1. Please determine whether any residue of the range 222-244 is at pLDDT below 90, over 19 Å from V171 (Cα atoms), surrounded by fewer than 16 Cβ atoms within 10 Å (Cβ to Cβ) and out of contact with any Gly (no Cβ under 8 Å at 6 or more places or on another chain).
2. Pairs under 8 Å by beta carbon, first residue under 11 Å from I41 (Cβ atoms) in the range 127-141, partner of a type in the set (F, W, Y) and at pLDDT 90 or above, six or more apart or different chains?
3. So is I202 assigned to a helix (DSSP H, G or I), in contact with a Leu (Cβ under 9 Å, 6 or more places away or on another chain) and modelled with pLDDT of 85 or more or not?
4. Within the range 79-127, restricting attention to residues that are within 25 Å of F199 (Cα to Cα) and aromatic (F, W, Y), which residue is surrounded by the fewest Cβ atoms within 10 Å (Cβ to Cβ)?
5. Check the range 237-252 and report whether any residue there is assigned to a loop (DSSP other than H, G, I, E, B), closer than 19 Å to F86 by Cβ and within 18 Å of the chain's Cα centre (by Cα).
6. Would you check if F151 is of a type outside the set (S, T, N, Q), touching a residue at least 12 places away in the same chain (Cβ under 8 Å) and either more than 25 Å from T234 (Cβ to Cβ) or crowded, with 22+ Cβ neighbours inside 10 Å (or both)?
7. Spot the failing condition for I213; the list is (1) under 24 Å from T107 (Cα atoms); (2) under 21 Å from the mean Cα position of the chain (by Cα), and only one is missed.
Amino acid sequence: MSEIEQKWDTVIEPKTGLFRLDLKEIWKFRDLFSLFVKRDIITQYKQTVLGPLWFIIQPILTTIMQVVIFKGVAKMSTDGLPAILFYMSGNVFWGYFSECITKTSSTFNTNAAIFGKVYFPRMIAPLSTVASNLVRFAIQMALFIAFYIYFIATGTPISPNIYLLMFPLLVLMLAGLALGFGVIVSSMTTKYRDLAILFTFIVQLWQYATPVIYPMSFIENSTLKLAINLNPLTPIFEAFRYGALGVGSFSWWGLTYSFGFMIVVLLLGTMVFNRVQRSFMDTV
């Protein structure tokens, strides 16, 4: 009797390379990706009193605190801009980056129950986190734009320029860096749980190594300025402020460095992620 050829809708095969990122397979599971995105958005504030209003309340309260402490008490420069506008421009970008990197860094531990029961491309989980946080980012950016329009209407000297058109690229670079670092840490914490605690502390310190609450013109020490410029986030924050507010500095070399850094981190993260996902259920 001749064998009847069977055609399968989905064929699961072992990955052949550590750097392999099967985008075609991820696209097949796009419905699951959208469900993950909705899950992340809904569950975050599902049982809270104010719900999505926290997207607005959080940056406002953070900005007010920074205005009081860093501008009022410490008398820190804001490059001639209104303190609220200056600090919010940094908080919106930092909020998106820190939220993405913190949540993607716990991908394996958070989704262990799902990963152990059903097959789907594991990279969908961190990718959905980065995508879902775009909703929060968009709401907070709308809040920033509202303040932006108000200060322009009241005659505040703000000088937006053509470099503002690079905004989508800057957001993409933030997302790429957060995803790359996040999956690396997530892969490492499958064996070493205390790294998650250490990484949370590192992210908090990272904010002070990034020009979120201070302009680069405030840094006078050349060694310290060099160290801050080596931070791949610095050119991104500076480019946004330069394009939107007309202050700070813009450097093609700096953005090229940040973009290259992002590519390297993503490749390294993909390699580590692919290696760990093969046997992480034995250690989680």
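1. yes
2. N133/Y96; L134/Y96; R136/Y96
3. Numbers: assigned to a helix (DSSP H, G or I): yes; in contact with a Leu (Cβ under 9 Å, 6 or more places away or on another chain): no; modelled with pLDDT of 85 or more: yes.
No: the conditions fail for I202.
4. By that ranking, first place goes to F115.
5. So far as the range 237-252 goes, no, none of its residues is assigned to a loop (DSSP other than H, G, I, E, B), closer than 19 Å to F86 by Cβ and within 18 Å of the chain's Cα centre (by Cα).
6. Judged against the criteria, F151 is not a match.
7. (1)
The values are calculated or read from the model by the stated rules, or taken from the named source; none is laboratory data. All values derive from a computational prediction rather than experimental measurement. Cβ atoms come from the backbone with ideal geometry, glycine included; neighbour counts cover every protein chain shown.
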